[in-house]
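The next block holds one structure in the form of structure tokens; read it before the comments.
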Amino acid sequence: MPRKVMVLTGKRGGFGAMKPMLRLLRDDPAFELQLVVTDQHLDPRFGRTITEVEREFSIAAAVDMEQRDGTAAGRARALGVCATRMAETLDALKPDLCLLYGDRGEVLASAMAATAMSIPIGHMQGGDVSGSVDEQVRHAVTKLAHLHFPSTRESAERILKMGEEPWRVVVTGDHHLDLIVAGEYAAKSEVAEATGIDPDQPAIVLLQHSETTAPDQAYQQMAETLLAVRDTGMQVVVVYPCSDVGYEGIVQAIEEFATGPQFRVFKNLEAPLFWGLLATASIMVGNSSAGIIETPCFRLPAINIGRRQENRLHAENVIHAEHDRNTIMAAIDHALNNESFRESTHMCRQVYGDGTAGWRTVEAIRNLPLDNRLLVKRMTY
């Protein structure tokens, strides 16, 4: 009998990153892939990206969280709905393993349901240090999970320090790199056609989320960033934030300041197009993990703003800045015009793996027994 592996996806970035792993699980007779979509994939405010998923994969279940707004209470209620409906979904699908990715609320809600139902959990991207509420969620999922597939050796060490048994931890690298290394991203001409930018002129990619410990500041923080990039005079591609608390402030600032021919605004860019944009652009600005994880593949300077990715492992192409217009402008100028920094960016390392994360994860699942030993966890100290 094939192993039934349920994989959860709640947003565009995670889905794009997991594609190689999903293909392996789908095409291998040793597995039955049960792909469950939720959160942003079902929400028109974020592009309703379930249509992107459906183009390549069969969907086992769609779990609508019914998030009404970007308030803390609205998000908390939505996560409660997610936990309830994921329990119903898991009961119907009866997977042998539940695979969860990253640090988002829908991941924690699903992990709670799976734990209560004695379904083993595999967790990807655990052990990373980031910031805000994301880090708390990430580490909470680690303690609920039974198998760990961290992106780096440093993250694996943190998981071990949390008391997890070494045999449960397999370093895979970060899944975002798999398709980039494979060259599955849009060519410059496709990027120009899809976004309307002039590929022969400098361009900024702007993707900024709310800081979930300060959602009331999201509007002002995004306004500072938008004013800074506006003053460069460069063409700017702005991508909508994710559904975290405070996202409405980010969207409001985009609607007010990202106007005129200098700006191109998108609710969503599919992963191959987004990575093609990174390959074409001159710099990335904001606080997305893409600025930390993916930009080194393209030797692209990245300005990381604020605390959302605080203390996260990064390569030499990253400059940190506060939520201040002048500070952001100075960082952009340094990234684009400082010869020493430009050289370090050109030679920067890729600290998140070699583009084989999907294969390594599937092989680990294939070789590990899904039995009572897996379910019964013990602290190592």
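The values are calculated or read from the model by the stated rules, or taken from the named source; none is laboratory data. The model shown is predicted, which means the values in this text are computed figures rather than measured ones. Please note: Cβ atoms are built from the backbone with ideal geometry, for glycine as well, and neighbour counts cover all protein chains shown.
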(Q) at pLDDT below 95, in a loop (DSSP other than H, G, I, E, B) and out of contact with any Lys or Arg (no Cβ under 8 Å at 6 or more places or on another chain): which single residue out of D200, D128 fits that description? (A) D200
Q: Could you look through the stretch 252-269, keep only residues that are part of a helix (DSSP H, G or I), within 24 Å of the chain's Cα centre (by Cα) and not small (G, A, S), and pick out the one that is surrounded by the most Cβ atoms within 10 Å (Cβ to Cβ)?
A: I254
Q. Taking the condition free of Cβ contacts under 8 Å to residues at least 60 places away in the same chain and in the same structural domain as R307 (by TED's automatic domain parsing), does G233 pass?
A. yes
Q: Return the total of residues in the stretch 308-327 being touching an Asp or Glu at 6+ places or on another chain (Cβ under 7 Å) and in a helix (DSSP H, G or I).
A: 1
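Among what's in the stretch 40-80 and is β-branched (V, I, T) and farther than 21 Å from V239 by Cβ, pick the residue that is surrounded by the most Cβ atoms within 10 Å (Cβ to Cβ).
Here the residue is V63.
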Q.
Let me confirm something: among A321, A330, A315, A335, which residue is assigned by TED's automatic domain parsing to the domain that holds Q208 and surrounded by fewer than 16 Cβ atoms within 10 Å (Cβ to Cβ)?
A. A330
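Considering R77, R26, R45, which residue is among the basic types (K, R) and free of Cβ contacts under 8 Å to residues at least 24 places away in the same chain?
Only one candidate passes the filter, namely R77.
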Q. Quick check, is L100 crowded, with 24+ Cβ neighbours inside 10 Å, more than 24 Å from C297 (Cβ to Cβ), within 16 Å of the chain's Cα centre (by Cα) and modelled with pLDDT of 95 or more?
A. yes
Q) Does the stretch 27-39 contain any residue that is touching a helix residue (DSSP H, G or I) at 6+ places or on another chain (Cβ under 9 Å), surrounded by fewer than 23 Cβ atoms within 10 Å (Cβ to Cβ) and hydroxyl-bearing (S, T, Y)? A) no
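Would you mind finding the one in A156, A187, A214 that is of a type outside the set (S, T, Y) and more than 21 Å from R138 (Cβ to Cβ)?
On the way: A156 fails: more than 21 Å from R138 (Cβ to Cβ); A214 fails: more than 21 Å from R138 (Cβ to Cβ).
Answer to the selection: A187.
Determine which member of the set T225, T213 is within 30 Å of H148 (Cα to Cα) and not assigned by TED's automatic domain parsing to the domain that holds R360.
T213
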**Q.** Residue satisfying all of: in the stretch 84-97; of a type outside the set (D, E, K, R) and crowded, with 20+ Cβ neighbours inside 10 Å; farthest from R26 (Cα to Cα) among these
**A.** M86
Q) In this structure, does Y185 turn out to be assigned to a loop (DSSP other than H, G, I, E, B) and of a type in the set (F, W, Y)? A) yes
**Q.** Residues of the stretch 289-307 that turn out to be assigned to a loop (DSSP other than H, G, I, E, B) and more than 19 Å from L227 (Cβ to Cβ), as a count
**A.** 6
Q) If you take the residues of the stretch 18-65 that are in contact with a Leu (Cβ under 8 Å, 6 or more places away or on another chain) and among the small types (G, A, S), which of them is nearest to R77 (Cα to Cα)? A) A62
**Q.** Residue, nearest to D134 (Cα to Cα), within the stretch 30-81, restricted to residues that are over 19 Å from the mean Cα position of the chain (by Cα), modelled with pLDDT of 90 or more and in a helix (DSSP H, G or I)
**A.** A76
